[in-house]
Amino acid sequence: MPNQYAKDSTQLLVRLPEQMKRDLYRAVEKLNEKNPGAMYSANSVVRALIEKFIRDGTID
């Protein structure tokens, strides 16, 4: 069925201050404006950062 999560996936809850959440969403909107059609989401940005941290072992 479409729109179902992969069976081997799980969720991660991240608590943020309200202002930080708004800033994240605003930054994602700007990213999407610079890349029309890309349709980035806050989740995709956070996931990319997590993947980079796991791969590189750094947040630089």
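The values are calculated or read from the model by the stated rules, or taken from the named source; none is laboratory data. All values reported here derive from a predicted model rather than from experimental measurement. Every residue, glycine as well, gets a Cβ built from its backbone with ideal geometry; the counts of neighbours run over all protein chains shown.
Consider Arg15 carefully, then state whether it is part of a loop (DSSP other than H, G, I, E, B), at pLDDT 95 or above and out of contact with any strand residue (DSSP E or B) (no Cβ under 7 Å at 6 or more places or on another chain). In short, yes. Taking the criterion of being small (Gly, Ala, Ser) and surrounded by fewer than 12 Cβ atoms within 10 Å (Cβ to Cβ), the residues of segment 16-40 that qualify are Gly37, Ala38. In segment 25-49, the qualifying residues are those that are under 9 Å from the mean Cα position of the chain (by Cα) and aliphatic (A, V, I, L, M), and the one that is farthest from Gln11 (Cα to Cα) is Val28.
Figure legend. Inter-residue proximity from segment 36-59: first residues more than 22 Å from Arg26 (Cα to Cα), second residues part of a loop (DSSP other than H, G, I, E, B), beta-carbon distance below 6 Å, spacing 6+ or different chains. Indicated pairs: Phe53/Ile59.
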